[in-house]
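Here's the structure we're looking at; comments come further down.
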Amino acid sequence: MNKLILCEGATDAILLSYYLERTAGWKFVRQPPQGVSIRATEQNEEVTWYKKNNDYLLICAVGGKDNFGKFFDDKIQKPLVMSDAFKKIAIVTDRDNREVSEIETEASAFLKVPCGTIKNNQWNDCSYTNKFGMEKTFSALLVVIPHEQQGALETAMLAAIAEDPYDKSIIEKTGVFASQMRQEASRYISTDRLKLKAHLGLTWAVQYPEKVFSLIDEQIRTVKWEESETLRLCFAALVDI
């Protein structure tokens with residue numbers, strides 16, 4: 001069985017791969033399953049396969065929250081219809097300052113198949129007609145991050161790190177500094193979203209000063225995210241993919 005996770009960007013894809021490797025036993029593989037060829041073609045896209053027993057999982061970074069529909073149309077729709085490529089499809093996206101109901105409506109629209117309205121953290125059955133005119137189904141899941149507040153993946157990551165009281169104090173202080181720099185360095189931190197990224201980066205610079213120039217995937221793999229209650233709540237339904 002082939003399964004698919006669509007997420008916004010590289011950071012999301014790295015964290016999800018790490019988390020699912022540690023909590024659900026998925027392992028990176030270089031070769032995709034036979035008959036399914038999906039490639040990244042744009043600068044901010046990533047396509048990576050994982051395997052567990054006889055099942056394959058594809059994690060795709062689509063290049064931003066506004067690119068889910070285009071990525072699905074360009075890369076997923078054809079293999080789904082032509083070869084029934086995926087039995088489970090999960091969408092992982094940031095809440096930002098949006099209402100969950102708005103995100104549910106958007107996700108239902110870009111899948112373009114009868115699913116009803118996809119609900120956050122619930123698996124829904126979706127039907128489609130394949131190239132042979134046969135009606136088929138796949139299960140769809142929407143995961144909006146963070147779990148119970150506005151924000152983004154970085155918000156959940158900071159909350160996970162702050163579960164340790166020692167690190168919570170660091171996060172509070174780097175948060176104050178990031179807010180100050182939002183005003184002082186507006187040329188570089190021009191939005192609240194960039195301030196959030198700066199907050200996480202500052203936290204890592206304090207926690208791992210010798211790794212401040214390391215690649216983002218190495219920094220992410222330094223943290224035992226699988227022990228976080230915050231992320232367990234975020235990804236509870238996703239682990240069942």
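The values are calculated or read from the model by the stated rules, or taken from the named source; none is laboratory data. Remember, it's a predicted structure, so these values are computed and weren't measured experimentally. We place every Cβ from the backbone using ideal geometry, glycine too, and count neighbours over all the protein chains shown. Remember, those area values only see protein heavy atoms, side chains included, never the ligands or the DNA or RNA. Shrake-Rupley method; radii C 1.70, N 1.55, O 1.52, S 1.80 Å.
Summary table
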read-out: Within region 1-140: Cβ-based charge dipole about Cα centre, in debye rounded to nearest 20 (Lys, Arg +1; Asp, Glu -1); value: 680
read-out: Charge dipole magnitude, Cβ of K and R +1, D and E -1 - region 77-190, Cα centre, debye nearest 20; value: 520
read-out: Rounded tilt (10° steps) of 100-111 against the dominant C-alpha axis of the chain; value: 40
read-out: Solvent-accessible surface ranking, highest first, for 123, 49 at 1.4 angstrom; value: 123, 49
read-out: For region 93-151, with +1 on Lys and Arg beta carbons and -1 on Asp and Glu, the positive-most of 143, 122, 133 along the dipole; value: 133
read-out: Tensor-based shape of region 135-200 (alpha-carbon gyration tensor, a/c under 1.5 rounded, otherwise prolate or oblate); value: oblate
read-out: Residue (of 56, 234, 24) at the positive-pole extreme of the chain, dipole from beta-carbon charges; value: 56
read-out: In degrees, nearest ten, helix 192-207 long axis to first principal axis of the chain (Cα); value: 70
read-out: Folded to 0 to 90 degrees: helix 10-24 orientation relative to the chain principal axis, Cα; value: 80
read-out: Expected 222 nm ellipticity per residue - DSSP helices of 4 or more, -39500 (n - 2.57), all of the chain, to 500; value: -11500 deg cm²/dmol
read-out: Region 9-107 - accessible surface per residue (Å², probe 1.4 Å); value: 48
read-out: Magnitude of the charge dipole, the chain, Cβ model with Lys/Arg +1 and Asp/Glu -1, debye to 20; value: 640
read-out: Fraction of accessible area attributable to carbon and sulfur, region 103-208 (%, probe 1.4 Å); value: 52
read-out: Most to least accessible of 184, 102 (protein chains only, probe 1.4 Å); value: 184, 102
read-out: Which listed pairs, of 52/87; 27/136; 119/224; 52/119, have C-alpha distances above 19 Å, in listed order; value: 27/136; 119/224; 52/119
read-out: Cα-based shape type of region 15-165, given that a ≥ b ≥ c are square roots of the gyration tensor eigenvalues and the cut on a/c is 1.5; value: oblate
